[in-house]
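Written out below as structure tokens is the structure these notes cover.
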2 protein chains.
Amino acid sequence: MPKIVDKEKMREGILEAFLNTLLKYGFHNSSMTKIAQEAGIAKGTLYLYFDSKESLISTMTKQHFSKVKERLVATKYFDSLDELLNHIENSLLISKEDTEFIPIFFEAFGASFSSPKFIDKYRDFFNEIGEFYAKNLQLLMDSGSIEKSINPVALGRVLVSMLDGIVLHKGFFSMEKDAYEEMVKESVGLFRRGLIL
Amino acid sequence: MPKIVDKEKMREGILEAFLNTLLKYGFHNSSMTKIAQEAGIAKGTLYLYFDSKESLISTMTKQHFSKVKERLVATKYFDSLDELLNHIENSLLISKEDTEFIPIFFEAFGASFSSPKFIDKYRDFFNEIGEFYAKNLQLLMDSGSIEKSINPVALGRVLVSMLDGIVLHKGFFSMEKDAYEEMVKESVGLFRRGLIL
DNA sequence: TATTATAGTGACCACTTGGTCATAAAAAGG
DNA sequence: CCTTTTTATGACCAAGTGGTCACTATAATA
């Protein structure tokens with residue numbers, strides 16, 4: 001007898017509306033009322049599907065970072081420098097959606113940057129990627145494919161910082177496609193010459 | 001007949017108290033009342049010296065970035081790769097104060113990240129530093145000190161992104177001194193091998 | 001010490017916005 | 001078509017906080 005709705009579909013629809021609102025107004029100017037309007041529902045209904053605004057943004061962020069990590073950490077290690085560089089290049093050529101999410105993320109969580117728990121989460125995130133690179137660099141060193149004088153752990157971690165820096169600047173300063181691709185090309189070239197035996 | 005105070009000293013004292021408050025509570029939890037208390041004055045007095053909270057943070061940010069730029073853009077170009085690398089290394093070894101300011105900056109201005117005017121300002125800032133590097137790379141190419149196949153403009157700009165990435169990660173994730181110095185060493189080594197002829 | 005221009009104070013206001021809840025609407029089934 | 005369970009609604013509330021202003025205090029001068 002009861003009215004039935006597909007809750008999962010509703011949540012997805014709301015998240016989509018949320019993203020649209022974020023892109024239009026930013027996080028702090030996306031009031032729950034606006035988000036509800038964009039989703040074509042009332043504010044109260046919004047709260048039937050998400051506990052809070054925090055829940056909305058954290059759900060979206062979780063999804064985002066899970067996608068990002070999938071792209072940044074390969075399932076296997078690369079056997080040659082070229083493959084690793086190719087992977088790095090792909091990591092740098094991020095999608096429009098991922099780019100757009102960057103300023104949103106900083107706006108939404110700016111206030112959390114003083115929270116150790118929050119910082120820990122992202123430290124772990126980047127450390128894990130750094131360890132992936134570290135291990136891969138070690139393997140390439142062992143197989144004699146790259147420079148032997150490096151410290152793979154430190155270099156792996158700093159590589160991640162560099163890549164993040166490039167991506168962040170892309171996200172913040174919305175560079176032109178051609179200019180950015182040229183930058184990516186130069187980075188990869190620099191890395192190649194800097195790593196090759 | 002009137003009561004006289006040193007307004008400049010007052011402003012400096014307030015800015016100092018403001019920074020202390022920021023370090024303790026972050027930006028959004030530093031209410032004007034708290035800031036005034038830390039400065040040992042009443043809230044109303046605060047408004048005699050600064051028009052708004054925005055004015056406080058923007059004054060502090062201006063001072064900060066002006067110092068940073070001074071450090072990142074040398075007054076002259078470097079004649080050798082070693083000098084340039086040395087400059088890069090110094091740029092990466094930022095002070096504790098500068099490190100601490102990073103999360104504060106992102107917290108305070110998170111909400112401004114959707115404002116084109118705000119973004120433009122920082123795009124200009126980084127572009128200028130990028131151009132400094134571009135020009136210096138060009139000079140070193142001309143003098144035959146470094147790799148000739150590079151695109152100095154693109155590489156200059158991407159170098160800035162990389163350096164910023166490293167510094168940001170230091171600021172966000174407060175790395176241990178030794179580990180960070182090792183990372184800096186690896187970066188400089190990578191740059192050297194990647195640039196040298 | 002009285003005068004007066006400057007500086008200091010903190011209770012109060014205005015406004016925004018996340019979140020609630022009493023009430024209404026919808027739809028599935030008997 | 002009536003009942004019942006689920007779903008939807010939006011006026012309203014609570015809380016935080018930047019900023020104001022009428023009033024008080026201070027100190028330099030005459």
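The values are calculated or read from the model by the stated rules, or taken from the named source; none is laboratory data. This is a predicted model, so every value here is computed, not measured. For neighbour counting, all protein chains shown are included, and Cβ atoms are generated from backbone atoms with ideal geometry for every residue, glycine included. Only protein heavy atoms, including side chains, enter the accessible area calculation; ligands, DNA and RNA are left aside. Shrake-Rupley method; radii C 1.70, N 1.55, O 1.52, S 1.80 Å.
Quick check: anything in segment B:68-80 within 16 Å of DNA strand D (Cβ to nearest atom), over 29 Å from A:Glu107 (Cβ atoms) and over 12 Å from the mean Cα position of the chain (by Cα)?
Within segment B:68-80, none of the residues are within 16 Å of DNA strand D (Cβ to nearest atom), over 29 Å from A:Glu107 (Cβ atoms) and over 12 Å from the mean Cα position of the chain (by Cα).
Which condition from (1) within 14 Å of another protein chain (Cβ to nearest Cβ); (2) in contact with a Leu (Cβ under 8 Å, 6 or more places away or on another chain); (3) within 11 Å of DNA strand C (Cβ to nearest atom) is the one that A:Leu84 breaks?
Just one mismatch for A:Leu84, condition (3).
If I filter segment B:45-73 down to residues being among the β-branched types (Val, Ile, Thr) and closer than 18 Å to B:Asn20 by Cβ, which single residue comes out as surrounded by the fewest Cβ atoms within 10 Å (Cβ to Cβ)?
Across segment B:45-73, the extreme among qualifying residues is B:Thr45.
Given the criteria assigned to a helix (DSSP H, G or I), within 30 Å of B:Gly194 (Cα to Cα) and modelled with pLDDT of 95 or more, does B:Leu85 qualify?
yes
Is it the case that segment B:13-21 has a residue that's within 14 Å of another protein chain (Cβ to nearest Cβ), under 21 Å from A:Gly110 (Cβ atoms) and within 11 Å of DNA strand C (Cβ to nearest atom)?
Within segment B:13-21, none of the residues are within 14 Å of another protein chain (Cβ to nearest Cβ), under 21 Å from A:Gly110 (Cβ atoms) and within 11 Å of DNA strand C (Cβ to nearest atom).
Can you pull out every residue in segment B:147-160 that is facing another protein chain (nearest Cβ under 8 Å) and either closer than 13 Å to B:Thr99 by Cα or not in a helix (DSSP H, G or I) (or both)?
B:Glu147, B:Ser149, B:Ile150, B:Asn151
For segment B:161-174, does any single residue satisfy the condition of being touching a Phe, Trp or Tyr at 6+ places or on another chain (Cβ under 9 Å), open to solvent by 10 Å² or more (accessible area, probe 1.4 Å), among the β-branched types (Val, Ile, Thr) and in a helix (DSSP H, G or I)?
no
Quickly run through segment B:1-27 and pick out the residues that are more than 14 Å from B:Gly40 (Cβ to Cβ), within 13 Å of DNA strand D (Cβ to nearest atom) and surrounded by 19 or more Cβ atoms within 10 Å (Cβ to Cβ).
B:Leu22, B:Gly26, B:Phe27
Inspect segment B:122-134 for any residue being touching a residue at least 24 places away in the same chain (Cβ under 8 Å), touching a strand residue (DSSP E or B) at 6+ places or on another chain (Cβ under 8 Å), surrounded by 19 or more Cβ atoms within 10 Å (Cβ to Cβ) and part of a helix (DSSP H, G or I) and give the result as yes or no.
Looking for residues that are touching a residue at least 24 places away in the same chain (Cβ under 8 Å), touching a strand residue (DSSP E or B) at 6+ places or on another chain (Cβ under 8 Å), surrounded by 19 or more Cβ atoms within 10 Å (Cβ to Cβ) and part of a helix (DSSP H, G or I), one finds none in segment B:122-134, hence no.
Residue by residue, here is whether (1) within 19 Å of the chain's Cα centre (by Cα); (2) assigned to a helix (DSSP H, G or I); (3) within 14 Å of chain B (Cβ to nearest Cβ) holds:
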residue	(1), (2), (3)
A:His28	no, no, yes
A:Ser55	yes, yes, no
A:Met60	yes, yes, no
A:Phe113	yes, yes, yes
